[in-house]
Amino acid sequence: RNYFWGFLLAGLASFTKVSGLALIPALFAEILIYDRGFFQVKKLGDKAIFLAVGFFLSVSGFLFYLLWNYILWGDFFQFVKIQREHWFETFAPFGQGLLNVVLSLDGKSGIEKYTLGYAQIAAFAIALILSLFSFFKIRISYGIYALLALWFPFSMSFWVSMLRYVLVIFPMYIALSLLSKNMIFALIWITLSLAILVTFSLLFVQYGPVL
């Protein structure tokens with residue numbers, strides 16, 4: 001297995017999105033759990049060096065992104081300030097975002113109640129279920145990536161685009177393909193997908209972007 005390309009592409013992913021960092025523990029889990037022949041006593045030192053280099057490659061994209069923030073604005077974490085000032089988002093890893101959505105439902109009405117309320121909760125719930133399915137039924141490394149990639153948007157204090165953020169969780173699509181082998185599930189999912197497509201298409205035609 002050519003892990004070098006995996007680490008390199010993880011670095012590119014971490015440069016474009018913070019969720020790309022979730023690939024790092026997933027890659028290490030893939031090696032440690034599924035590649036039993038990777039560690040050999042006589043080559044243990046070489047393997048350790050390789051993993052260290054692989055870790056650096058994987059995180060290099062994010063480090064370069066921080067450096068780019070510093071070059072442009074003089075602050076490694078300028079993107080955090082931008083998120084806070086323009087999107088009212090702060091780091092809230094213990095579920096403040098979910099709580100805020102639930103508490104805000106009573107104060108919302110019309111389309112906003114569904115697009116910025118129920119849709120955000122539903123997207124997170126579906127992604128969480130499929131991520132757990134990936135962990136227990138598909139591959140542990142896939143599940144680790146899925147859960148960590150979901151944790152990043154979960155950790156935002158203000159949920160506004162959960163549906164968009166969860167699209168990067170590729171194990172969800174594998175899980176859906178496996179679950180769709182059950183005809184009843186496949187029919188329910190297709191019907192639900194068509195209903196959502198029609199609903200949001202009509203909303204877009206009438207009001208413009210809604211999510």
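The values are calculated or read from the model by the stated rules, or taken from the named source; none is laboratory data. The structure displayed is predicted, hence computed values, not measured ones. All Cβ positions, glycine included, derive from the backbone under ideal geometry; neighbour counts span all protein chains shown. Just the protein is used for accessible areas: all its heavy atoms, side chains included, with ligands, DNA and RNA removed. Shrake-Rupley method; radii C 1.70, N 1.55, O 1.52, S 1.80 Å.
List, in the order given, every pair from 81/113; 17/113; 43/137; 17/137 whose Cα-Cα distance in the structure shown is over 30 Å. Each step should come with its number before you reach the end.
On the way: 81/113 28 Å; 17/113 28 Å; 43/137 33 Å; 17/137 27 Å.
Check vs 30 Å cut-off fails for 43/137.
Using only alpha carbons, region 89-211 has a radius of gyration to Kirkwood radius ratio (Rg to Rh) of 0.99.
The residues neighbouring residue 165, those whose beta-carbon lies less than 14 Å from its own, together hold a net charge of +1 under the Lys/Arg +1, Asp/Glu -1 convention. In the chain, helices alone account for a calculated mean residue ellipticity at 222 nm of -21000 deg cm²/dmol, with every DSSP H run of four or more residues adding -39,500 (n - 2.57).
Helices in the chain that qualify as membrane-span-like (whole DSSP H runs, Cα extent of at least 24 Å along the helix axis, mean Kyte-Doolittle hydropathy of 1.0 or higher) are 44-73, 183-207. Solvent-accessible area assigned to carbon and sulfur over the chain amounts to 73 percent, based on a 1.4 Å probe.
D for region 32-122, whole µm²/s, Stokes-Einstein with Kirkwood Rh over alpha-carbon pairs at 37 °C and 0.692 mPa s: what number?
Translational D for this selection: 186 µm²/s.
The residues of region 148-211 have, on average, 63 Å² of accessible surface per residue, using a 1.4 Å probe with all protein chains present.
Between residue 106 and residue 170, what FRET efficiency comes out of the Förster formula 1/(1 + (r/R0)^6) with R0 = 22 Å and r the beta carbon distance, rounded to 0.05? Display every interim value, and only then the final one.
Values: r = 36 Å, r/R0 = 1.62.
With R0 = 22 Å, the Cβ-Cβ based efficiency is 0.05.
With all protein chains kept in place, the per residue accessible area of region 25-81 amounts to 66 square angstrom at a probe of 1.4 angstrom.
Take the chain and mark each of the trypsin sites (Lys or Arg not before Pro) that is in a DSSP loop with at most 16 other Cβ atoms within 10 Å; the longest unmarked stretch, sites excluded, is 109-180. Can you match Rg/Rh (Cα atoms, Kirkwood Rh) to one of these, (i) 1.03; (ii) 1.16; (iii) 0.96, based on a calculation from the structure here? Correct label, based on the coordinates given: (i).
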